[in-house]
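The values are calculated or read from the model by the stated rules, or taken from the named source; none is laboratory data. Please read these numbers as outputs of a predicted model, since none were measured by experiment. Because the Cβ atoms are built from the backbone with ideal geometry, glycine has one as well, and the counts that use them run over all protein chains shown.
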Amino acid sequence: MARGDAQEKLFLAAFDEYSGALFRHAFFRLSDREKALDAVQDTFLKAWDFIRTGGEVKSYKAFLYRVLSNLIIDEYRKKRADSLDMLLEEAPSVIEKEVAEGSVLEVELAMDEEALIGAVREAIEKLEPPYRAAVTLRFIDGFMPREIAEALSITENVASVRIHRGVAKLKEILKHHET
């Protein structure tokens, strides 16, 4: 089997394995389905261009997340849409649907959970980008500090520190949110 065929098979296997997780990560960070789809598509296009021109990938997972993270940073720099307004506009239809389908207790619990998720999502958006990326990769995508370090091209120690500080900052933001 030629090197090109082997690289193509590895690339296609990486696509099959990571495309869903990359989309969820992009969607969580961008809060926009279309932008997330575009970011994942661009990630795989850039990865394929890199491989096609002779680049070698040791860890597809780390490489793809690094490319995606860079694209997300570029998107933030462009002019990010305010996702909170979009969520607030959609909220009445979600509440109406839940009220029609569940008991009062179920509706209250669902609304509490939605409010908590919204508060955490809003708090994550307030984190500085390095902390936001580390916290998202750790707690949303389930990465270990070593994998975060590879994905963000930092040391494992720096990844751990960013996670720790990011969580501390999140707690502080949420504490002020409650009052």
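See the values below:
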quantity	calculated
Residue pairs meeting the criteria (Cβ under 7 Å; at least 6 apart or on separate chains; first assigned by TED's automatic domain parsing to the domain that holds residue 140 and without any contact (Cβ under 8 Å) to a residue 60 or more places away in the chain, in the range 155-178; second part of a helix (DSSP H, G or I) and among the β-branched types (Val, Ile, Thr))	159/148; 163/135; 166/135; 167/135; 170/124; 170/135
Subset of the range 154-179 that is modelled with pLDDT of 90 or more and of a type in the set (Ser, Thr, Tyr) - its residue that is nearest to residue 61 (Cα to Cα)	155
Residue within the range 1-24 that is more than 20 Å from residue 136 (Cβ to Cβ), modelled with pLDDT under 90 and not in a helix (DSSP H, G or I) present	yes
Test result for residue 74, outside the structural domain of residue 154 (by TED's automatic domain parsing), within 29 Å of residue 119 (Cα to Cα) and either assigned to a helix (DSSP H, G or I) or at pLDDT 90 or above (or both)	yes
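Yes/no per residue for (1) part of a helix (DSSP H, G or I); (2) within 26 Å of residue 19 (Cα to Cα); (3) not hydrophobic (A, V, I, L, M, F, W, C):
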{"site": "131", "(1), (2), (3)": "yes, yes, yes"}
{"site": "138", "(1), (2), (3)": "yes, yes, yes"}
{"site": "154", "(1), (2), (3)": "no, yes, no"}
{"site": "159", "(1), (2), (3)": "yes, yes, no"}
{"site": "172", "(1), (2), (3)": "yes, no, yes"}
